[in-house]
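Enquirer: What follows is a single structure, and I will ask about it in a moment.
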Amino acid sequence: MLTQDKKRLFIGQVAEQSGIPIRTIRYYEALGLLKSSGRSEGGFRQFLPDVFTRLAFIKRAQNLGLSLEEIGEILQVYDQGKPPCCEIQQKLEDKLKEIDHQVEQLLTLRTELQELLSGWKPLPEQHNETICPILQGD
């Protein structure tokens with residue numbers, strides 16, 4: 001029977017309690033987002049209960065559009081004993097600017113599509129030199 005320090009959780013327990021697949025937890029560990037607290041005698045990864053705080057933070061940050069690389073940078077600041085709130089604020093402000101730019105691009109595309117469709121007329125004959133002269137601007 002496997003023995004376990006009562007303060008440590010096996011990766012399967014972490015996965016079950018967090019709802020995050022084992023494979024994802026291993027991936028986060030490989031990226032340095034999580035650190036196991038060692039291994040059991042049988043070689044199984046073990047984690048301290050604070051792993052749930054980190055997993056919840058990672059998921060929340062991802063839902064806000066931050067990449068795993070950005071999340072890793074934030075966690076590095078935290079792991080150095082500093083509050084990462086300023087870094088988080090900057091990254092969220094950058095994300096907001098990026099979203100605003102994407103919205104602008106989408107609105108421009110929407111206008112272009114509306115203009116193209118507003119003057120759409122079926123062509124009675126086929127033009128061999130173009131696929132669709134209306135779309136291609138011939």
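The values are calculated or read from the model by the stated rules, or taken from the named source; none is laboratory data. Keep in mind that this is a model prediction, so the values were computed, not measured. Glycine also receives a Cβ, built like all others from the backbone with ideal geometry; neighbour counts cover every protein chain displayed. Just so you know, the surface numbers come from the protein's heavy atoms only, side chains and all, with ligands and any DNA or RNA stripped out. Shrake-Rupley method; radii C 1.70, N 1.55, O 1.52, S 1.80 Å.
Enquirer: With each run of n ≥ 4 DSSP H residues scored as -39500 (n - 2.57), what mean residue ellipticity at 222 nm is computed for the chain after dividing by its residue count and rounding to the nearest 500 deg cm²/dmol?
Expert: For the chain, the value works out to -19000 deg cm²/dmol.
Enquirer: Cβ neighbours within 10 Å, averaged per peptide: list 7-18, 110-121, 34-45 in order, most packed at the top.
Expert: In decreasing order of mean packing, 7-18, 110-121, 34-45 become 7-18, 34-45, 110-121.
Enquirer: Hey, of [x] 2, 8, 13, 16, 19, 17, 12, 7, 4, 1, 0, 0; [y] 2, 11, 22, 25, 21, 13, 5, 1, 0; [z] 2, 8, 14, 13, 10, 9, 7, 6, 6, 6, 6, 5, 4, 3, 2, 1, which did the structure itself give for P(r) over Cα pairs in 5 Å bins from 0, in percent when calculated?
Expert: After the calculation, the listed value that fits is [z].
Enquirer: For the pair GLU16/LEU92, report the inter-label distance in nm, with labels modelled 7 Å from Cα in the Cβ direction.
Expert: Rounded to a tenth, the inter-label distance reads 3.5 nm.
Enquirer: Separation of region 97-138 and region 32-60 by C-alpha centroid, Å?
Expert: Region 97-138 and region 32-60 have Cα centres spaced 51 Å from each other.
Enquirer: Carbon and sulfur atoms: what percent of the 1.4 Å accessible area of the chain do they account for?
Expert: Carbon and sulfur atoms account for 55 percent of the accessible area of the chain.
Enquirer: Under the Karplus relation 6.51 cos²θ - 1.76 cosθ + 1.60, θ = phi - 60°, what is the ordered set of whole-Hz ³J(HN,Hα) values for region 91-100, x standing for Gly and Pro?
Expert: 5, 5, 5, 4, 5, 5, 4, 4, 5, 4
Enquirer: Leaving out ligands, DNA and RNA but keeping every protein chain, what accessible area does ASP79 have, in Å² rounded to the nearest 10, with a 1.4 Å probe?
Expert: For ASP79, solvent-accessible area is about 70 Å².
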